[in-house]
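The values are calculated or read from the model by the stated rules, or taken from the named source; none is laboratory data. Owing to the predicted nature of the structure, the values given are computational and were not obtained by experimental measurement. Quick reminder, even Gly has a Cβ in these numbers, built from the backbone with ideal geometry, and neighbours come from all protein chains shown. Protein only, heavy atoms only, side chains kept; ligands, DNA and RNA dropped before computing areas. Shrake-Rupley method; radii C 1.70, N 1.55, O 1.52, S 1.80 Å.
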Amino acid sequence: MISVIVPAYNEEQNIAKCLESLSRQTIPRDSYEIIVVDGGSKDRTREIAAGYADLVFIQTSKKVGGARNDGAQKAQGKIIATTDADCIIPPDWLSVVLSAFERDHAIVQLFGPVTPMEGGVKNHLFLALANNFSRFGYYTRLFYYTLGCNTAFRREAFLRAGMYRTIDAGDDLEIARRMKDLGKVKFENRMRVV
């Protein structure tokens, strides 16, 4: 089983679209669980999420990394995939994740690019730079610029690495640095989110 963890905070405008896209994956719905970890929303986020997710609860740890950690501790899957409540997930996302981990048992973390949903040159430029920075770091092996909205871990390795550090910025870079000591951290271009 794969466990998909979605941190959320006041996302009533986005959460249904995200969870609908997660519910329409090409792998059978009973082969993955959706866990929404809510940061204490003041809107209808939890109520909306309850219609789609297998588990919705209020986070107890700090920051978005803490929300992902809280979800991982309740996860049933051997693979943990993380995304954000304002993302749309392509139908083959979990299939790509699953096949990569099945093909190469040395992989402990998998990550991919983010396609901009919103219009505007600024947003497209920012994500293009982030995606290219991520590719550059991976192919040169200088660093791993992963994004929490599009990453997956072997649960056992993630827990052994100590999960996310609840820091103000750079937790995605920091976790990848520790994960690479446990196995392969791989960039997968077919693993995209919007």
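Take the solvent-accessible surface of the protein heavy atoms, probe 1.4 Å, and return the percent of it on region 42-185 that carbon and sulfur atoms account for. The value for region 42-185 is 55 percent carbon and sulfur by accessible area. Using a probe of 1.4 angstrom and keeping all protein chains present, the accessible surface of region 71-118 works out to 38 square angstrom per residue.
Rounded to the nearest whole Hz, the Karplus-based 3J(HN,Hα) values (6.51 cos²θ - 1.76 cosθ + 1.60, θ = phi - 60°) of region 9-20 follow the sequence 8, 6, 10, 4, 6, 10, 4, 5, 4, 4, 6, 4, with x at glycine and proline. Peptides 68-75, 79-86, 38-45 ranked from most to least packed give 79-86, 68-75, 38-45, packing being the mean of other C-beta atoms within 10 angstrom over each peptide's residues.
For region 135-140, backbone phi angles converted through the Karplus equation (6.51, -1.76, 1.60; θ = phi - 60°) give residue-by-residue couplings of 5, 4, x, 5, 6, 8 Hz, Gly and Pro being listed as x.
Per-residue 3J(HN,Hα) values for region 43-54, derived from phi via the Karplus relation 6.51 cos²θ - 1.76 cosθ + 1.60 with θ = phi - 60°, read 10, 8, 3, 5, 4, 5, 4, 4, x, 10, 7, 7 Hz in sequence order (x marks Gly and Pro).
Pairs from the table (K74/K122; K122/K184; K42/K186; K17/K62) lying more than 31 angstrom apart at Cα are K74/K122; K122/K184; K42/K186. Compute the Cα gyration tensor for the chain, then decide on rounded, prolate or oblate, letting a ≥ b ≥ c be the square roots of its eigenvalues: rounded whenever a/c is under 1.5, prolate when a/b is larger than b/c in the other cases, and oblate in all that remain. Rounded, because the longest to shortest axis ratio a/c is under 1.5. Is region 137-192 best put as rounded, prolate or oblate by its Cα gyration tensor, with a ≥ b ≥ c the root eigenvalues, rounded for a/c under 1.5, and otherwise prolate when a/b is larger than b/c, oblate when not? In terms of gyration-tensor shape, rounded.
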